[in-house]
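Since the structure comes first, as structure tokens, the remarks are kept for the end.
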Amino acid sequence: MARSYQDLLASAREQVPEVQVPDLASRHASGDGPLVIDIREQHEWDQGHIPGSVHIPRSFLESRIAGVARPGTEVVLSCASGQRSLLAGVTLQDMGFENVASLAGGFQRWKQSGNDFDVPQTLTPDQRSRYSRHVLIPEIGEAGQIKLLNSKALLIGAGGLGSPAAFYLAAAGVGTIGLVDDDVVEASNLQRQIIHTTDRVGMNKGESARVAIEALNPDVTVNTYPYRVSRDNVLNLISDYDVIIDGTDNFPTRYLMSDASLMTRVPLIHASILRFEGHASTFLPYEGPCYRCLFPEPPPPDLAPSCGEAGVLGVLCGVMGNIMATEAIKVLLGIGDPLAGRLMIYDALDMAFTELKIRRDPDCPACGPNAQLEFRDYEAWCSGVGAHTAAAVAR
Amino acid sequence: MSTVRIPPVLRQSTGGERTVTVSGATVGEVLDSLYEQHPAVRAQLQTPEGDLHKFVNVYLNDEDVRLLSWLDTEVADGDTLMILPAMAGG
């Protein structure tokens, strides 16, 4: 027997309980509200929705509900006027959800009753298309993508590590990317520094990276700083950014960035490379260990050759730079487990990842409870004089 | 027997070997066994007084031996000792 829309609605109303707006509003205000799932279309959601509600368009309800609720979860479905949500309630009941209700009058009544509602910052249609594979991931979604677009990452060095990291962060839609590098592109960089090109040899690396990033993603604002980071400028540089990506090639800058990260409490994503081996870690100031907990003192120059002296597999930069980009995105979004308190070692010859534990050093001169952190002469310290003197004193 | 993993910067002192199989029941004995096989490594890891340089980290499996019992830390058959100097390359 054929059944009309009104018939379906009537039987749904018998089957699915309805929640009244004032009841939902008072539970919402007390912080004890049920999970509200808004099943309207994207353009309706964009014009305003109940704060804290989750958006799953009706046509995706069956396929996506498991990502946000279990059959035992108390769920209130909401649409524009409370009809589509009734029908959706039947669907959830069929799927085993026992505690499901429909918001009577829907969002219209919620809004007309004078309740607060959110009008979200939304992605443009172009952005929705560009970032669709991110938006599909529950841990990112549209809100996460907007967060990335509002985020700022500062890359120290646009070389082996900075190139892939900056490229992928730009593709991911990190809205502001700062590039600190006083160096120019050389032919010998192009075996690994993939953001640069042959026709840009001689150009400042930050400016060369800007050309590539602007061609890739017009959403990204690129700031270039064509000078070396130093004690005098580092705090100013960092203060505008949410995360630091340290892809420099020397110890003085590594220790400087570690200390500056602690002073400003901006997370520091670390990686270093040589030949076939890479190290990576994420230093969250005062939450986990810092770089100096891991390496209290720099090695003498003869034990610390640069890639220019000892060589590096070009592809290795891609692996390690993208571990950095991954960590930066996780830190910016606040998702997953960062590499804090862990040092990841990648051996490309063995194709093996090894993880070592890093503990906070209670006597750390940089982040320990009794530390009196101030900048030092990193160049002198790392050139060996300071280190050996300190070692002699320790002996 | 246990294995010592040699970092890239020390491989010129081990004839290019990336891992060295050693005997010894403690970290100190394992390092002595390493120095017997590859004497040039000693000066790079140790001070003349026999302490490990502060810029060298040694891990037994995934733990820093500084947080265990230092050179007296017991080493079991099949353990891996990793020598880890800092790298700066980028």
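R0 = 51 Å: FRET efficiency of residue A:4 with residue A:337, Cβ-based, nearest 0.05?
0.45
If one computes the Cα centroid of segment A:198-212 and of segment A:107-144, what distance in Å separates the two points?
Between the Cα centre of segment A:198-212 and that of segment A:107-144, the gap is 37 Å.
In whole Å and largest first, what semi-axes does the C-alpha gyration tensor of chain A yield when each eigenvalue is scaled by 5 and square-rooted?
Equivalent ellipsoid semi-axes, largest first: 51, 23, 18 Å.
So if R0 is 51 Å, what FRET efficiency would residue A:93 and residue A:121 give, r being the distance between their Cβ atoms, rounded to the nearest 0.05?
Efficiency at R0 = 51 Å is approximately 0.90.
Given H placed on each backbone N at 1.01 Å, which residues far from residue A:19 in sequence or on other chains put an amide H within less than 5 Å of it?
A:102, A:103, A:104
Got the relative contact order for chain A handy, in percent, Cα pairs under 8 Å and 6 or more residues apart?
For chain A, the relative contact order is 12 percent.
Find how many whole Å separate the alpha carbon centroid of segment A:320-352 from the alpha carbon centroid of segment B:1-47.
29 Å
Between residue A:46 and residue A:263, how many nm apart are label points set 7 Å from Cα along the C-beta direction?
In this crude label model, residue A:46 to residue A:263 measures out at 4.4 nm.
When chain B is treated as a GNM, springs tying every alpha-carbon pair under 10 Å, which of B:49, B:74, B:36 comes out with the largest mean-square fluctuation?
B:49
Enumerate lysine pairs in the protein assembly as shown that are 8 or more residues apart or on different chains, then count those whose Cα atoms are under 22 Å apart.
Summing the qualifying lysine pairs gives 5.
Express in nm, to one decimal, how much length is gained between residue A:133 and residue A:32 on full extension, taking 0.36 nm for each residue of separation and deducting their alpha carbon distance.
Once the chain is fully extended between residue A:133 and residue A:32, it gains 33.1 nm.
Over segment A:243-341, what per residue volume does the convex hull of the Cα atoms give, in whole Å³?
Output value, Cα hull per residue: 89 Å³.
Take the Cβ-Cβ distance between residue A:377 and residue B:51 as r, set R0 to 22 Å, and report the resulting FRET efficiency rounded to the nearest 0.05.
FRET efficiency, residue A:377 to residue B:51: 0.30.
Can you give the % of DSSP beta bridges in chain A that are antiparallel, to the nearest 5?
Roughly 40 percent of the beta bridges in chain A run antiparallel, per DSSP.
Is it possible to state the helix-based mean residue ellipticity at 222 nm for chain A, with each DSSP H run of 4+ residues giving -39500 (n - 2.57), the sum divided by total residues, to the nearest 500 deg cm²/dmol? What is it?
Only helices count here, giving -10500 deg cm²/dmol.
Only Cα pairs within less than 10 Å get springs; with that Gaussian network setup on chain A, which residue of A:44, A:186, A:277 has the largest fluctuation?
Most flexible of the set in this elastic network: A:44.
Under a plain spin-label model, where a point goes 7 Å from the Cα along Cα-to-Cβ, how far apart in nm are residue A:230 and residue B:74?
Output for this residue pair reads 5.5 nm.
For a label point 7 Å from the Cα of residue A:63 along Cα→C-beta, name the residues of segment A:104-133 whose backbone N is under 19 Å from it.
The answer is A:128-133.
Taking a temperature of 25 °C and a viscosity of 0.890 mPa s, what whole-number D in µm²/s does Stokes-Einstein yield for segment A:5-112 with Rh from Kirkwood over alpha carbon pairs?
In µm²/s, the coefficient is 181.
Relative to the compact globular guide of 2.2 N^0.38 Å, what is the alpha carbon radius of gyration of chain B, as a ratio?
Ratio of Cα Rg to 2.2 N^0.38 Å: 0.99.
Defining a contact as two alpha carbons under 8 Å apart and six or more residues distant in sequence, what relative contact order in percent does chain B show?
About 37 percent, as a whole number.
None of the figures in this text is laboratory data; all of them are computed from the coordinates on show. For clarity, every value in this text was computed on a predicted model and none was experimentally measured. Glycine gets a Cβ as well: all are built from the backbone with ideal geometry, and neighbour counts include every protein chain shown.
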